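*Asks:* What follows is a single structure, and I will ask about it in a moment.
The values are calculated or read from the model by the stated rules, or taken from the named source; none is laboratory data. Values in this document were obtained by computation on a predicted structure and should not be read as measured data. No Cβ is skipped: glycine too gets one built from the backbone with ideal geometry, and neighbour counts run over all protein chains shown. Remember, those area values only see protein heavy atoms, side chains included, never the ligands or the DNA or RNA. Shrake-Rupley method; radii C 1.70, N 1.55, O 1.52, S 1.80 Å.
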Amino acid sequence: MKLLFKKYPTGAKFVVAIIFFIAALFVSTLINKGFIKQCIPYGAPLLLVLATWVLYKIEGKSLKEIGLNFNIKNIGFLFLGILIGILVFLGAKYLRGLYVGEVFEVSTSINFEVILFAFYFILPQVATEELLFRGYLFKKTIEVSNVVVTNIIFSILFMLIHVVDQDVLQNKGMIVMLVITIPVGHLLFATALLRSKSMFFPIGLHLGNNWATRHLISNTNSSKSILFIPDIITFETWTPFIITLALFNGIYVFLILVIWKWDKILKHLKILIYKKKASLFKN
């Protein structure tokens, strides 16, 4: 075994990481029951963080490698991600509404306690997915290949865990939607990680987006959602469905480009602000 580890050190790291993560998920299923499941459902992400810490510790590194250390900057990225995740979903739904003729209405009865507590219960799910698909294994795959290959691999894996579901596989429309939407989501979260160098940013984006899909805009007049769409448009042909998907995901692709180029965008903004101030002083 030691000879194999010496001969194939990179492969050994992947094998050990996969074993650690499977063990973490298995143990979390054992403890995530009863009171803990209802009130403190954080077993899986905490165990995955521990496994990630051990893996980096073996290499003489720390959780700073994926920006999982607590500091003001990283916590700021978490809240920024939540805000952007909510707003981009709202923008995508609004653009869909403009195309198909759907309108938003305020729910007649809003349970703000349930809506706000939802952040607490959605967080462990999205944190688990981020640690698995944009964490240690993601960064190690980039090291042995490149960003493009790594994103292709992990976007497919991320898509499969959403598509390989009995209910989904019985619905062609749902399959098409997830096959397109989930890889775009992965690319958004991966880009956020790589540009910010903080796992907190993609976790925030993922959390804000998932919260918004359940509690910002729903299809029914429910107390668990702030807004709802009274008349949902259903598609009888593929063409408007595909166009709607393209418009919806186009908003997310635009955000990906903004995040990827945000250093250049900020640089240009600073130049414009400087020129504006200079012109004001001249006048």
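*Asks:* Quick check on Leu160: is it open to solvent by 30 Å² or more (accessible area, probe 1.4 Å) and either at pLDDT below 95 or over 26 Å from Thr239 (Cβ atoms) (or both)? Give the steps one after another, and end with the answer.
*Replies:* Details: open to solvent by 30 Å² or more (accessible area, probe 1.4 Å): yes; either at pLDDT below 95 or over 26 Å from Thr239 (Cβ atoms) (or both): yes.
Considered against the rule, which asks whether it is open to solvent by 30 Å² or more (accessible area, probe 1.4 Å) and either at pLDDT below 95 or over 26 Å from Thr239 (Cβ atoms) (or both), Leu160 comes out as yes.
*Asks:* Then there is this: Yes or no: Leu272 at pLDDT below 95 and open to solvent by 40 Å² or more (accessible area, probe 1.4 Å)?
*Replies:* yes
*Asks:* Go through Glu130, Glu113 for me and flag whichever is of a type in the set (D, E, K, R) and in contact (Cβ under 8 Å) with a residue 24 or more places away in the chain.
*Replies:* Details: Glu113 fails: in contact (Cβ under 8 Å) with a residue 24 or more places away in the chain.
The unique qualifying residue is Glu130.
*Asks:* Sticking with this one: Report yes if Lys13 is modelled with pLDDT under 90 and either under 17 Å from Phe138 (Cα atoms) or in a helix (DSSP H, G or I) (or both), otherwise no.
*Replies:* yes
*Asks:* Between a residue in segment 167-196 that is farther than 19 Å from Ile256 by Cα and open to solvent by 30 Å² or more (accessible area, probe 1.4 Å) and any residue that is among the acidic types (Asp, Glu) and not in a helix (DSSP H, G or I), which pairs come within a Cβ distance under 7 Å, given they are 6 or more apart or on different chains?
*Replies:* Pairs found: none.
*Asks:* Output yes when any residue across segment 120-143 is of a type in the set (Gly, Ala, Ser) and open to solvent by 40 Å² or more (accessible area, probe 1.4 Å), and no when none is.
*Replies:* No; the residues of segment 120-143 include none that is of a type in the set (Gly, Ala, Ser) and open to solvent by 40 Å² or more (accessible area, probe 1.4 Å).
*Asks:* Do the conditions hold for Glu102, that is, is it acidic (Asp, Glu) and open to solvent by less than 100 Å² (accessible area, probe 1.4 Å)? Steps first, answer last, please.
*Replies:* Numbers: acidic (Asp, Glu): yes; open to solvent by less than 100 Å² (accessible area, probe 1.4 Å): yes.
It is true that Glu102 is acidic (Asp, Glu) and open to solvent by less than 100 Å² (accessible area, probe 1.4 Å).
*Asks:* Residue check: is Lys139 of a type in the set (Lys, Arg) and within 18 Å of Met199 (Cβ to Cβ)?
*Replies:* yes
*Asks:* To continue, here is another question. Quick one: how many residues across segment 221-268 are open to solvent by 80 Å² or more (accessible area, probe 1.4 Å) and over 28 Å from Gly81 (Cβ atoms)?
*Replies:* Residues in segment 221-268 being open to solvent by 80 Å² or more (accessible area, probe 1.4 Å) and over 28 Å from Gly81 (Cβ atoms): 6 in total.
*Asks:* Given (1) within 17 Å of Gly91 (Cβ to Cβ); (2) touching an Asp or Glu at 6+ places or on another chain (Cβ under 8 Å), identify the lone condition not met by Asp231.
*Replies:* Unmet for Asp231, out of (1) within 17 Å of Gly91 (Cβ to Cβ); (2) touching an Asp or Glu at 6+ places or on another chain (Cβ under 8 Å): (1).
*Asks:* For segment 208-220, name all the residues that are open to solvent by less than 10 Å² (accessible area, probe 1.4 Å) and in a helix (DSSP H, G or I).
*Replies:* Gly208, Ala212
*Asks:* Something else: Which of the residues spanning segment 24-40 are assigned to a loop (DSSP other than H, G, I, E, B) and open to solvent by 60 Å² or more (accessible area, probe 1.4 Å)?
*Replies:* Those that are assigned to a loop (DSSP other than H, G, I, E, B) and open to solvent by 60 Å² or more (accessible area, probe 1.4 Å): Lys33, Ile40.
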